[in-house]
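Report on the structure given below.
The values are calculated or read from the model by the stated rules, or taken from the named source; none is laboratory data. None of the values given here were measured: they were computed from a predicted structure. Using ideal geometry, Cβ is built from the backbone for each residue, glycine included, and neighbour counts are taken over all protein chains shown. Keep in mind that these areas ignore ligands, DNA and RNA; they rest on the heavy atoms of the full protein, side chains included. Shrake-Rupley method; radii C 1.70, N 1.55, O 1.52, S 1.80 Å.
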Amino acid sequence: MAQRRDSLIGWVYASFHMRDFMASLYGRQAEGLAFAIYDGAVPSDAALMYRNREAAGGALSAKEYMVVASHTWTLTLVTQEEFENRFGRDISLIIAVAGVSLSLSMALLAWSMISGRARALLLAAKITEELRHMAQHDSLTGLPNRALFSDRVQNKLAHARRQDRRFALIFLDLDKFKPINDKYGHSVGDLLLRQVARRLQDSIRASDTVGRLGGDEFVLLIGDLTGAADALALAEKIRQEVRRPYTINGHQLTISCSLGVAIYPDDGTDELALTKRADEAMYRAKDSGRDSVQLA
């Protein structure tokens, strides 16, 4: 229960008019039957949720209790004069028909409430998953955002420490992205960022991670390396992939990138140290003329 409360993102609820709800269940109801639903085990005006008509005294009345989702509901049924006249006031026949009517009403209502609750739970789960995805991913590219990427780094650190493994943190910044935005507009710039993101994803393994920090800055987490040479080779492959021409809205565009590479544990043993070293290496790549790779 404590974990559920800590993980709670929000609530999903649906409101409806009981008369519309009942009409959708039964359509035209049987004449001469007064049917009511109460919230709880004690019928009262305060607990009344639905009544199709006032229940005058009749030959037969019945009360049933139904428990759905650990909550009790009370259903009452009272026969009316027109109902009794239709069956010639034969009390045994009235009891049989009224009993069948109440049983069918209870079964249909229970099925509707249970299936409605199941649909609501499925909808809530879907919305929760969408909210979680929105909170953890960049809205433009769909890549993990800073928060999710940081979580992936922490997991990779724990794994590397246990298994005595190496991994690389690579910072990537596009060169002269602003002039493209200024010349062709933000819509073209956004499409370019999406295509760059797709190429980065295609350049790494499924077990690795590429994220977007914001603007034209990306970061990659590459695991299970034998040494710095592996990371440099991959960074060079990515640099060449980003440089390939792009066709966006009829425009032929080219762009380069600068990359900085930090290796665990050589360049740091925690996220802060590795991030700092990779960022510094990336800026050295920019200062040296851009379109290059620098090792921390």
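At-a-glance table
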quantity	calculated
Karplus-derived HN-Hα couplings along region 201-217 (A = 6.51, B = -1.76, C = 1.60, θ = phi - 60°), whole Hz, x at Gly and Pro	4, 6, 8, 10, 7, 5, 7, 8, 9, 10, x, 10, 7, x, x, 10, 9
Burial ranking of peptide ranges 183-195, 258-270 (average Cβ count within 10 Å, highest at the top)	258-270, 183-195
Extension gain (nm, one decimal) between Asp190 and Tyr65, 0.36 nm per residue minus Cα-Cα	39.1 nm
Residue-level accessible surface for Lys237, protein heavy atoms, 1.4 Å, Å²	110
Karplus-derived HN-Hα couplings along region 286-296 (A = 6.51, B = -1.76, C = 1.60, θ = phi - 60°), whole Hz, x at Gly and Pro	5, 5, 8, x, 6, 6, 8, 10, 10, 8, 4
Euclidean distance of C-alpha centroids, region 146-180 and region 248-296, integer Å	11
Residue pairs, from the table Lys237/Lys286; Lys183/Lys286; Lys126/Lys178; Lys156/Lys286; Lys176/Lys276; Lys178/Lys286, whose Cα atoms sit over 26 Å apart	Lys126/Lys178; Lys156/Lys286
Inter-probe distance in nm under a simple model that places probes 7 Å from Cα toward Cβ, at Trp11 and Ala41	2.5
Inter-probe distance in nm under a simple model that places probes 7 Å from Cα toward Cβ, at Arg132 and Lys183	4.4
Exposure ranking of Trp11, Trp73 by accessible area [1.4 Å probe, largest first]	Trp11, Trp73
Cut-off 19 Å, label 7 Å out along Cα→Cβ of His251, residues of region 192-220 by amide N	192-199, 215-217
Highest-first arrangement of 280-289, 1-10, where packing means the average Cβ count within 10 Å	280-289, 1-10
